[in-house]
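Heads up: the structure comes next, in structure tokens.
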Number of protein chains: 2
Amino acid sequence: MSSTFLKESLSILERTPATLNALLRDLPEAWTTATEGPDTWSPYDVMGHLVHGERDDWMKRLEIILEHGPSRTFDPFDRQAQFRESAGKSLPMLLDEFMALRQDNLKRLRELDLQPAQFELQGTHPTLGTVTMRQLLSAWTAHDLAHLLQVSRVMAKRYKQETGPWARFLSVMK
Amino acid sequence: MSSTFLKESLSILERTPATLNALLRDLPEAWTTATEGPDTWSPYDVMGHLVHGERDDWMKRLEIILEHGPSRTFDPFDRQAQFRESAGKSLPMLLDEFMALRQDNLKRLRELDLQPAQFELQGTHPTLGTVTMRQLLSAWTAHDLAHLLQVSRVMAKRYKQETGPWARFLSVMK
């Protein structure tokens, strides 16, 4: 692999499914269905969103950049899709699905053997306008970490009252 | 196990070492030594702090509550200890150490076979004053999640510039 940037991004992208699996599989539902209040996401909702992203977002857009450049605007991504698509699926099913889709996407990404010059190729995001391949790969990577952060935050806050005076020492509780 | 509270707390406490292992082991150092600026912690620093906590904080204090109640104030916990104690240790060594210490602590905790009435036992924290066993177990659990959140945040922010316009959609970048 020719690029430190790509290698470092892949090192996160390939670890996320196992990380979420270690954290969430077979956890009591009180944790995995906890939210931060109305219209916020539970860990279960986040997993559905990540599954949908593997299917409809990152690699699809990367391939649009490679095939069409900025001339073909990306399809909008449905940030509520998981509420429809996860119906009837257990959390372990979503964890399995995410792992399989991610493995497949990273296999395709490696086969593309992207060269540094290609990171500057441009695409058109329906809201953000001009973006580069490098920004897309970075956003995919940071998006994984942002949702791991979210899952950790949602679950930590479930214990806000339980921790009593210790909440003072835990900035997540503020 | 007699208590849903204890079972739910243990379900997080027992998963944290594997979660951090899946996320951090063999990750490029650019990620594991990243910080949020001067006097902030890297993922490596966090792992040293978690190791020190297993050795000197949670179970030690729990046992002080059981043996002495509120009459014996907990020893202060050194939140900078990892900068001394991690010296010369690789991140994989810290991950292994954390896993072994946590397993040992949870084995001892299970052997205590705590009953719900014992969750109301009181201890004396050097800064926070009176705390209960239940608050201590909750804080231990939430502390794991808070540091998983921190590690995710530190690493996500490393890509703030890289994500370009996508930073708008990632609240962690704000």
Applied in sequence order to the range A:50-60, the curve 6.51 cos²θ - 1.76 cosθ + 1.60 (Karplus, θ = phi - 60°) yields integer Hz couplings, x standing for Gly and Pro, of 5, 4, 4, x, 5, 7, 10, 10, 4, 5, 4
Using only the alpha carbons, work out the radius of gyration and Dmax of chain A in angstrom.
-> 17.8, 57
In debye, nearest 20: dipole of the range B:24-171 around its Cα centre with unit charges on the Cβ of K, R (+) and D, E (-)?
-> 400 debye
In debye to the nearest 20, how big a dipole does the protein assembly as shown give about its Cα centre with +1 on each Lys and Arg Cβ and -1 on each Asp and Glu Cβ?
-> 540 debye
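Below 8 Å, C-alpha to C-alpha, sequence gap of six or more: please give me the relative contact order for the range B:1-123 in percent.
RCO, the range B:1-123: 38 percent.
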Once the Cα gyration tensor of the protein assembly as shown is diagonalised, what are the square roots of 5 times its eigenvalues, in whole Å and ordered largest first, as equivalent ellipsoid semi-axes?
-> 39, 22, 17
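Ignore the peptide's own chain and count Cβ atoms of other chains within 10 Å of each Cβ in A:18-28; give me the average, rounded. Walk me through the numbers on the way to the answer.
On the way: counts 5, 9, 3, 4, 9, 11, 2, 1, 2, 4, 6.
Counting other chains' Cβ atoms within 10 Å and averaging over A:18-28 gives 5.
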Within the accessible area of the protein assembly as shown, what % is carbon and sulfur when the probe is 1.4 Å and the other protein chains stay in place?
-> 50 percent
Using every Cα-Cα pair within the range B:70-144, state what percent have a distance larger than 18 Å.
-> 57 percent
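Which of the three applies to the range A:112-174, rounded, prolate or oblate, going by the alpha-carbon gyration tensor with a ≥ b ≥ c and a/c under 1.5 meaning rounded? Walk me through the intermediate numbers first.
Numbers: a/c = 4.66, a/b = 3.28, b/c = 1.42.
Verdict is prolate for the range A:112-174.
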With Cα coordinates, the longest principal axis of chain B makes an angle with the long axis of helix B:4-13, in degrees rounded to 10, of 40 degrees
Quick one: with label points 7 Å out along Cα→Cβ, list the inter-copy distances for A:GLU111 in nm, shortest first?
-> 5.4
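Averaged across the residues of B:133-142, what count of C-beta atoms belonging to other chains lies within 10 Å of each residue's C-beta?
Per residue, the number of nearby Cβ atoms from other chains is 6 on average.
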Output ordering of B:97-106, B:153-162, A:115-124 (per-residue mean of other Cβ within 10 Å, highest first) is B:153-162, B:97-106, A:115-124
Mind jotting down the three principal axis lengths of the range B:13-64 based on Cα atoms? Whole angstrom, largest first.
-> 40, 26, 12
Between B:ASP26 and B:THR4, what length comes free when the chain is fully extended (0.36 nm per residue of separation minus the Cα-Cα distance, one decimal in nm)?
-> 4.3 nm
Lysine-lysine proximity count for the protein assembly as shown, Cα under 18 Å, sequence distance 8 or more or distinct chains | 13
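Does the range B:29-91 come out rounded, prolate or oblate, given a ≥ b ≥ c as the square roots of the eigenvalues of its C-alpha gyration tensor, rounded meaning a/c under 1.5 and, failing that, prolate meaning a/b above b/c?
Prolate shape, in that a/c is at least 1.5 and a/b is the bigger ratio.
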Find the centroid of the Cα atoms in the range B:103-141 and in the range B:20-72, then give the distance between the two in whole Å.
-> 18 Å
Over the whole of A:117-127, what's the average partner chain Cβ count within 10 Å per residue? Rounded to a whole number, please.
-> 1
Kindly provide the helix-only [θ] at 222 nm of chain B, computed as the sum of -39,500 (n - 2.57) over DSSP H runs of four or more divided by all residues, to the nearest 500 deg cm²/dmol?
-> -18000 deg cm²/dmol
Charge dipole (debye, nearest 20) of the range A:96-170; +1 at Cβ of Lys and Arg, -1 at Cβ of Asp and Glu = 460 debye
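The values are calculated or read from the model by the stated rules, or taken from the named source; none is laboratory data. Just so we're clear, the structure is a prediction, and the values are computed from it rather than from any experiment. Quick reminder, even Gly has a Cβ in these numbers, built from the backbone with ideal geometry, and neighbours come from all protein chains shown. All accessible areas refer to the heavy atoms of the entire protein, side chains included, with ligands and DNA or RNA removed. Shrake-Rupley method; radii C 1.70, N 1.55, O 1.52, S 1.80 Å.
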